[in-house]
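Participant: Starting off with a structure, shown below.
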Amino acid sequence: MPKVLKLEINIREKEVLRYLKYDLDRTKANDAIFRLVREQIKTGITLIDPRLEYKILPILDNNGEKVKLPTLMIANRNIARLLKPAEKVVFFSTTIGPDLELKIDQLFSAGEPTKAVILDAVGSEAIEVLTDAVQVTVTQKAGSYQFTPRFSPGYGDWPLKMNKAILKLLAAKTLGIAISSKYMLSPQKSVTGIWGLIKNEKS
């Protein structure tokens, strides 16, 4: 079963507009756009089915080139650098489920591309807010730790094929995430990745 955490997903209107390429400091969205955005935020909230899975592993060794964990080795300099101050690593996967994506397809089919594009931006904001909340909550549950930035397959030189490895590590079949032959995730508003746990100095 996917892990259940009490998380509040607050869709930020300003961030949805940013995904739509509106810079509110430079470009003023008209009232019609604001109405559509608010309408699609309300719709999106009803379609989001947040799910997550995570696993915390101790870091056995990090030589700056490779990170040794109990069940695998990560041979990536950027990740080794990211995790250098950490004593543990969190592997995670999050998704908002398929319903919002299906609604987007329906809107395109119904000849309402503007609503579809706005709802897609709502979905992008939702998965970001969900993953931010998961990172904070899981880190707090782990004890007296700070977290590093997240790192996901496809960032920098970490290949997309690691999506498959992470899902396998998490045994995350119940999340409802599928992976293509090119290692893309479905539903599209899904994320896998890692972050490090750094022990607080005062603890």
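The values are calculated or read from the model by the stated rules, or taken from the named source; none is laboratory data. Since this is a predicted model, take the numbers as computed values, not measurements. No Cβ is skipped: glycine too gets one built from the backbone with ideal geometry, and neighbour counts run over all protein chains shown.
Participant: Quick check on segment 53-64. Is at least one of its residues out of contact with any Lys or Arg (no Cβ under 6 Å at 6 or more places or on another chain), more than 19 Å from residue 135 (Cβ to Cβ), of a type in the set (A, V, I, L, M, F, W, C) and at pLDDT 85 or above?
Facilitator: Within segment 53-64 (the criterion being out of contact with any Lys or Arg (no Cβ under 6 Å at 6 or more places or on another chain), more than 19 Å from residue 135 (Cβ to Cβ), of a type in the set (A, V, I, L, M, F, W, C) and at pLDDT 85 or above), the answer is no, since none of the residues qualifies.
Participant: Right, next: Mind listing whichever residues of segment 120-140 are in contact (Cβ under 8 Å) with a residue 40 or more places away in the chain, surrounded by fewer than 20 Cβ atoms within 10 Å (Cβ to Cβ) and not β-branched (Val, Ile, Thr)?
Facilitator: Residues satisfying the conditions are 124, 128, 133.
Participant: Are any of the residues in segment 109-118 aliphatic (A, V, I, L, M) and within 15 Å of the chain's Cα centre (by Cα)?
Facilitator: No, segment 109-118 contains no residue that is aliphatic (A, V, I, L, M) and within 15 Å of the chain's Cα centre (by Cα).
Participant: Follow-up question, since we're still on this one. Just to verify a result, which residue in segment 149-184, among those that are without any contact (Cβ under 8 Å) to a residue 24 or more places away in the chain and not in a loop (DSSP other than H, G, I, E, B), is surrounded by the most Cβ atoms within 10 Å (Cβ to Cβ)?
Facilitator: The selected residue is 179.
This table checks each residue for (1) in contact with a strand residue (DSSP E or B) (Cβ under 6 Å, 6 or more places away or on another chain); (2) without any contact (Cβ under 8 Å) to a residue 40 or more places away in the chain.
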| site | (1), (2) |
| --- | --- |
| 35 | no, yes |
| 50 | no, no |
| 58 | yes, yes |
| 94 | yes, no |
| 108 | no, yes |
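Participant: Over 23 Å from residue 18 (Cβ atoms) and either acidic (Asp, Glu) or surrounded by fewer than 13 Cβ atoms within 10 Å (Cβ to Cβ) (or both): is that true of residue 201 in this structure?
Facilitator: yes
Participant: Taking residue 97, is it assigned to a loop (DSSP other than H, G, I, E, B), modelled with pLDDT of 95 or more and not basic (Lys, Arg)?
Facilitator: When the stated conditions are applied, residue 97 does not pass them.
Participant: Would you say residue 117 is assigned to a helix (DSSP H, G or I), at pLDDT 95 or above and surrounded by fewer than 23 Cβ atoms within 10 Å (Cβ to Cβ)?
Facilitator: The answer is yes for residue 117.
Participant: Being closer than 19 Å to residue 167 by Cα and either of a type in the set (Gly, Ala, Ser) or outside any strand (DSSP E or B) (or both) is the filter here, so list the residues in segment 60-75 that pass it.
Facilitator: 69, 70, 71, 72, 75
Participant: Would you pick out the residues in segment 127-148 that are of a type in the set (Gly, Ala, Ser) and assigned to a helix (DSSP H, G or I)?
Facilitator: 133, 142
Participant: Ok, one more. Pairs only if they're at least six apart or on different chains, beta carbon under 7 angstrom, first in segment 1-25 and surrounded by fewer than 16 Cβ atoms within 10 Å (Cβ to Cβ), second modelled with pLDDT under 90 and among the polar types (S, T, N, Q); list them, first residue then second.
Facilitator: Sorted first by the residue in segment 1-25, then by its partner, the pairs are 1/174.
Participant: Please go through segment 189-203 and give me each residue that is in contact with a helix residue (DSSP H, G or I) (Cβ under 9 Å, 6 or more places away or on another chain) and either modelled with pLDDT under 95 or farther than 22 Å from residue 67 by Cβ (or both), ordered by number.
Facilitator: 189, 190
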